[in-house]
Amino acid sequence: MLIVRSLLFNVAFYANLILWLIILIPGFLVPRRVFIGMVKLWGRTSLWLLRVIAGTHVEITGRDKIPPGGALVAAKHQSFLETFALVTIFDDPTYILKRELMWIPFFGWYLAKARCVPVNRKAGSMALVQMTARAKDEAEHGRQIIIFPEGTRRPPGAPPTYKYGVAHLYQNLGFPCIPVAMNSGLYWPRRRFIRRPGTVRIEVQDSIAPGLPREEFFKLVQERIEVASNRLLDEGRKELGLAPASSSEASLSKVS
């Protein structure tokens, strides 16, 4: 039954995605904020399909902790789910993402319309300069800059591999940073089509005020995200009847 429901969801999910790629074509003619609203509708319909077909609910807590206006959002990244779920949480979000995604027909054009911030990973230190300038401009217009500090999806419980890009942004933007923890990888495993029924938990943490020294912030943001994510993973494992993390896995996933 799990395989059947997962297969049905994946068919429905990608059919819905193709439908929205068509629906969003007129979005090029409307203001960006209206376009973002349309993208949020895609995110909500995707979450609805996930709940109805796969039996996977998404519980989001801590919305009241989101400060108004511009901010840096540092989120755990375990699955594809958060790439559209986070859009529904924030008022005017945009993403830090690799430049190559902007080259994909239609999808990349929509990313450009949403004024996402591309990163040219081959540009070395200049990439940080360009990324920061674009992100600062968007944040000063009241937007929430979403970054996955580890740079890629990580399996649940894997040792954290945070990159200094998030600390560089925090230091140069001058806006609060909102850590976001989750256990999505248990229910939507990366590189697998299985979607497990249960409750994905996404938890917005207390924001970190601007002005901390770089190293202090870098350690704090990891601690906030990892401690909360590990707690949510433990809750998810209990719900799914999975074995708890081994002592070696737990020790590896702790922030040094």
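Note on the range 146-180: residues that are in contact with a strand residue (DSSP E or B) (Cβ under 8 Å, 6 or more places away or on another chain) and not in a loop (DSSP other than H, G, I, E, B) total 11. Does Ile60 count as modelled with pLDDT of 95 or more, closer than 30 Å to Gln171 by Cα, part of a helix (DSSP H, G or I) and among the hydrophobic types (A, V, I, L, M, F, W, C)? Against the criterion (modelled with pLDDT of 95 or more, closer than 30 Å to Gln171 by Cα, part of a helix (DSSP H, G or I) and among the hydrophobic types (A, V, I, L, M, F, W, C)), Ile60 does not qualify.
Kindly indicate which of Leu86, Leu97 is out of contact with any Asp or Glu (no Cβ under 9 Å at 6 or more places or on another chain), in a helix (DSSP H, G or I) and not β-branched (Val, Ile, Thr).
Numbers: Leu97 fails: in a helix (DSSP H, G or I).
Result of the check over Leu86, Leu97: Leu86.
Within the range 94-103, is there a residue that is polar (S, T, N, Q), under 18 Å from the mean Cα position of the chain (by Cα) and over 22 Å from Lys163 (Cα atoms)?
Within the range 94-103, not a single residue is polar (S, T, N, Q), under 18 Å from the mean Cα position of the chain (by Cα) and over 22 Å from Lys163 (Cα atoms).
Determine if the range 222-241 includes at least one residue that is buried (at least 17 other Cβ atoms within 10 Å of the Cβ), hydrophobic (A, V, I, L, M, F, W, C) and farther than 13 Å from Lys76 by Cα. No - not one qualifying residue is present in the range 222-241. Among the numbered conditions (1) farther than 22 Å from Arg190 by Cα; (2) not in a loop (DSSP other than H, G, I, E, B), the only one that Pro68 does not meet is (2). Within the set Pro197, Pro189, Pro176, the sole residue that is within 20 Å of Arg224 (Cα to Cα) and touching a residue at least 24 places away in the same chain (Cβ under 8 Å) turns out to be Pro176.
The values are calculated or read from the model by the stated rules, or taken from the named source; none is laboratory data. Here the structure is a predicted model, which means the values were calculated and not measured. Virtual Cβ from ideal backbone geometry, glycine too; neighbours counted across all protein chains shown.
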